[in-house]
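K.L.:
Below is one structure. I have some questions about it.
The values are calculated or read from the model by the stated rules, or taken from the named source; none is laboratory data. This is a predicted model, so every value here is computed, not measured. Glycine gets a Cβ as well: all are built from the backbone with ideal geometry, and neighbour counts include every protein chain shown.
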Amino acid sequence: MERILLVEDDSTLAMGIEYSLKNEGYYVDSAKSAAQGKKLIDKNDYQLIILDITLPDGSGYDLCKYVRKNKDTPVIFLTAIDEEVNIVMGLDIGGDDYITKPFKIRELLSRIKAVLRRYSNKKFEGILKSGDIILHIIEGKVLVHQQEIPMTPSEYKLLVYLMSHPNMVLSRNAILEELWDIEGDFIDDNTLSVYIKRLREKIEENSSIPSYIKTIRGIGYKWDKEVGGK
């Protein structure tokens, strides 16, 4: 699952956010200052950084600029200031979104998922290749051993989601939210199991011993091969 850095000096707020993110299956590192944040950014690769604007040793704006000089990691600002000029400033220096305090945790989680989805689609624009599978995103076409494989919209979206997160453990809840209502139907846990089974039958050499889609018991699934783009 995605790894997130949270830079927030309010210990109570940070603890609540970290707890909620971990419950959603994210890996979370926390920092209470810009200096701590820089050290973690230099040391680790993150899929998302959440920045408080007001930090004890500087500004979240400056830390965002530091991120933009070195990495393409998406940034969400946490701010107690909802004035338009401050919001525009944050977006202009490279922030991807902002959320004004106080906020509901479900709103923050929705913003996080939206930003991660945008970056995932941007990263893998065009073609995905993994083993003997080639996925043409724009055309909506899947080739296995150079043979086009017909898929339902939900099967296709599931495949794109898995391949866009290679070697990451994806919780069943995260996958269900991604597939939610794609065909106008409620998708429950049992339906997800059916989709996984059907997808394996279409792309695996032996669906009973899958090499692409691995089950992570008690959690969800993982695309267990490297993925390249074009």
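K.L.:
Condition first: surrounded by fewer than 18 Cβ atoms within 10 Å (Cβ to Cβ) and at pLDDT below 85. Now tell me which residues in segment 148-167 satisfy that.
P.N.:
If the condition is that a residue be surrounded by fewer than 18 Cβ atoms within 10 Å (Cβ to Cβ) and at pLDDT below 85, then Pro153, Asn167 are the ones that fit.
K.L.:
Looking only at residues that are in a loop (DSSP other than H, G, I, E, B) and at pLDDT 85 or above in segment 110-136, which one is farthest from Asp96 (Cα to Cα)?
P.N.:
Asp132
Here's the yes/no breakdown for (1) modelled with pLDDT under 90; (2) of a type in the set (S, T, N, Q):
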position: Asp10; (1), (2): no, no
position: Tyr27; (1), (2): no, no
position: Gln36; (1), (2): no, yes
position: Pro74; (1), (2): no, no
position: Val85; (1), (2): yes, no
position: Met89; (1), (2): yes, no
position: Ile93; (1), (2): yes, no
